[in-house]
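Just below is one structure, and these are the notes that go with it.
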Amino acid sequence: MLFSSIRRSRITHIVEVMPTFTREEIEHLGVLSQIALSDEEISRLQGELNVIAESINKVQEVAGEDVPPTANPVPLEAYLRPDEPATPLTQEEALSGAPRSESGMFVAPRILGEE
């Protein structure tokens, strides 16, 4: 199988050693993803995936037991704010900055022909 040589830590479930991808594994990935790969693409992808695997191995070397696994370096709650109700703009306030309005609606220039 493709990742049969991956050993996983029982404590953190982090990949300890990324495998080197063989030509056959790249061909298998192409079949699984239903993408026809040329010989040139297979060779290029094999090199690129092996560089990625080597990079992961280097990161794993410095990530000790005291470093918790993370999928995002910034906690997702940093992007969330409390949902606090606020008074919406009135129609008049919303239209006050419009260059042109008519019958309580924004008027924009026509961008399509007279269809």
Could you give every pair whose Cβ atoms fall below 6 Å, whose first residue belongs to region 15-33 and is among the aromatic types (Phe, Trp, Tyr), and whose second residue is modelled with pLDDT under 95 and in a helix (DSSP H, G or I), counting only separations of at least 6 or pairs across chains? 21/46; 21/49; 21/50
Residue by residue through region 31-55, note down the ones that are surrounded by 13 or more Cβ atoms within 10 Å (Cβ to Cβ) and of a type outside the set (Ser, Thr, Tyr). 37, 41, 42, 44, 45, 46, 49, 50, 53
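One line per residue, one yes/no per condition, for (1) among the polar types (S, T, N, Q); (2) at pLDDT 95 or above; (3) not in a helix (DSSP H, G or I):
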site	(1), (2), (3)
43	yes, no, no
51	no, no, no
58	no, no, no
61	no, no, no
68	no, no, yes
78	no, no, no
84	no, no, yes
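The values are calculated or read from the model by the stated rules, or taken from the named source; none is laboratory data. Predicted model only: the values in this text are computed from it and were never measured. Please note: Cβ atoms are built from the backbone with ideal geometry, for glycine as well, and neighbour counts cover all protein chains shown.
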